[in-house]
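Everything below concerns the one structure shown next.
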Amino acid sequence: MADNKKQRSGSFLGPILIYFFLALLIFISISQLNRTNVLEINYTDLMNLINNDFIISIQIDVSGLVQVKAKNGQLFQCYAPTLVFDQTFVRALANDGIKIEYTKSSAGSWWITLLIYVLPIVILMFFWFSMLKRTTGGEGIPGGNYRKSPAKKYDAKKTRVTFKDVAGIDEIKDELMDIVNFLKDPKGFSALGARIPKGILLAGPPGTGKTLIARAVAGEANVPFYFMSGSDFVELFVGVGAARVRDLFREAKANSPAIIFIDELDAVGRQRGAGLGGGHDEREQTLNALLVEMDGFDPREGIVVMAATNRPDVLDKALLRPGRFDKKIYIDVPDLKAREEIIKVHLRGKRIAPDIDVKSLARSTPGFVGADIENMVNEAALLAARENRDFITNEDFQEAIERIIVGPARKSRKISEKERKIVTYHELGHAILGYLLPYTYPVHKITIIPRGQAALGYTMQLPTEDRFLITEPELKDQIVSLLGGRAAEEIVFNEITTGASNDLKRATELVREMVTQLGMSEKIGPIAWGEEVGEIFLGRELTRMKNFSQKTAQEIDSEIKSYILSSYEKAKKILSNNRERMDLLAIYLYNKEEISGKEFSEMMEMSLEELKVYVMNDEEVNVKSLTISYA
Ligand code: ADP
Ligand code: MG
Ligand code: ZN
């Protein structure tokens, strides 16, 4: 994205004002120079000069300033308004052969006059232009390109992105192939009678490749790509956004066939009348201009408008009507297979160790979108470069993945011994329950190396496959293992720390979801309570409108509470029953700082005796720390 041409020029008034003041400065200094050899005299002296025949010329200004030149070349000046219209006096001077000159404005203070007269005009003009922009959307400014669209035009030849750079969304590429063919030959395509959508709306979570696919369409068809973000339209001056929309379309039409891409369409395209402060605001004007432009061109002109949003739910319905964005494409978070393909695209041209397994990389990145994957590969390449390695190794990738999920490891962070022991048991509480409960995701890794801002340690549990449906037993077990961290702290140290607050929050959210939305509570029944408002993508906080009575609310609350309490008891019971194993594991984790998922499940399968030998015989385990559990 480095070489795009920015087509915006700043306000044209700025330079004019600068020139004006520069010119003023020059004139002032020139007039000051002149004035150095002009002597100010009084009226009497002036009359003496004239009557004694000392002067050769006289300059009479209408303002009353009289300047005379003496025979020796010296200039004198005097304020003598009566002389201006004294015809007999002037005629007498003329008879004496003195050169007479009338001027219109005073030479001495002309620049002050200029200031007095011109400055207010300039200021007025400035305001007048801004007013003009407000009312006419900028069309009233001749030659001004303040209103010009800040559209970025990608040079198709230099930064060409093609379908090869986009992976994992083959169906979408197929759908867009029509558009590509159309852009390659708009006339021929239309001659066949095929109708092409005017506008294509790409909807989907951030980072899923909406911008990328739009650029790829332009790249495939080899046509210019006019890119503008919805927030570029929303400007300080009312009407500027609308003018920019018109400019954007004008420019694209002049270079058709072309693609216009409007990112963050929701910034302009929000439902009208939804904002505060009345209807006639900037955003609405911009939206109207967009609608007008979209109605106003013939697809045969070879223009295709694409737009992207991650909030299709808030868009004004008018945008989605036929003849506008009449084709909607939803791009979802990539699944396992798609991630594998996206990883392959980003590994292209990178030097990677031969043992890198793309499939397993894809498996350890559930929930990653394309942007995360790009990030991960870059991060891994950086790590390898920092270590001066020839290839990116598997460890680099694993570290990169963790960095993206929880932030970079901070081995230097100082944590007291006591804290580390607590963290050790906390993480083991999650992990042991994660292993023992039948419906949880397998443990991928346990670590007590602090990462990111908050996590002092963490247990990574990953699903073996992408899941769209989660069963009730799975949710139940997940809640129990979430509470395992705190349960372990309570069992071992008999005190409660703040480290579990995030776990508790997540567990409570899950239970609330089960009770109020998923109908998984017998007492409350299979009813969805509360109406969802706002966010459509899961994972964000949901806002709900209350559509139930106070009594139901109480029932829901008490149901959630008893559900959490019984899950917590279950977690404590299982961990207590495995106390000895937990202590051995704690010694091991405390010393090693990290246990891989594979090793952990092996250790869980050993008998207690075997485990004891395994832990004690490890070189890195410090026997002194055996007293860990009595801290
Ligand atoms: P969006 O516009 O949906 O927020 P972008 O198109 O800006 O996402 O994607 C950001 C980056 O993520 C892209 O530049 C690309 O490197 C990577 N990316 C996203 N989706 C894909 C994909 N399907 N295939 C390959 N790379 C992708
Ligand atoms: Mg984008
Ligand atoms: Zn925890």
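Key figures for this structure:
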{"item": "Estimated inter-spin distance, Ala92 and Glu171, nm [label 7 Å along Cα→Cβ]", "result": "10.7"}
{"item": "Rounded FRET efficiency, nearest 0.05, which uses the C-beta distance separating Tyr439 from Lys523 and R0 of 22 Å", "result": "0.50"}
{"item": "Gain upon complete extension [Val118, Ser57; 0.36 nm per residue less C-alpha separation]", "result": "18.8 nm"}
{"item": "Gln461 long-range amide H proximity, modeled H, under 5 Å", "result": "His444"}
{"item": "Long-range amide H partners of Asp316 with built H, under 5 Å", "result": "Arg270, Gln271"}
{"item": "Radius 14 Å from Cβ of Ile50, net charge of other residues (Lys, Arg +1; Asp, Glu -1)", "result": "0"}
{"item": "Amide H within-cut-off set for Gly519, under 5 Å, with H built and near neighbours excluded", "result": "Ile527"}
{"item": "Chain lengthening between Asn378 and Tyr330 when straightened (0.36 nm per residue, less Cα-Cα)", "result": "14.6 nm"}
{"item": "Formal net charge of residues neighbouring Glu522 (Cβ-Cβ distance under 14 Å; K, R +1; D, E -1)", "result": "-1"}
{"item": "Entries in Lys570/Lys612; Lys350/Lys476; Lys253/Lys328; Lys523/Lys570; Lys523/Lys572; Lys523/Lys573 that, when Cα-Cα distance is taken, lie over 31 Å", "result": "Lys350/Lys476"}
{"item": "Cα→Cβ-extended label distance, 7 Å offset, between Glu594 and Arg348, nm", "result": "3.1"}
{"item": "Separation in nanometres of the label points that stand 7 Å from Cα toward Cβ, at Ser416 and Lys359", "result": "4.9"}
{"item": "³J(HN,Hα), Karplus 6.51/-1.76/1.60, whole Hz, each residue of the range 192-197, x for Gly, Pro", "result": "6, x, 6, 9, 10, x"}
{"item": "Scattering curve values for the range 336-405, log₁₀ I(q)/I(0), Debye with Cα scatterers, q = 0.22, 0.27 Å⁻¹", "result": "-0.87, -1.35"}
{"item": "Computed lengthening from Phe127 to Leu565, 0.36 nm per intervening residue step minus Cα-Cα distance", "result": "150.9 nm"}
{"item": "Counted charge near Arg403, where neighbours are those whose Cβ lies closer than 10 Å (Asp, Glu -1; Lys, Arg +1)", "result": "-2"}
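Bear in mind these aren't lab numbers, they're just calculated from the coordinates by the rules spelled out. Quantities reported herein were computed from a predicted structural model and do not represent experimental measurements. In this analysis, Cβ positions are derived from the backbone assuming ideal geometry, glycine residues included, and neighbour counts consider all displayed protein chains.
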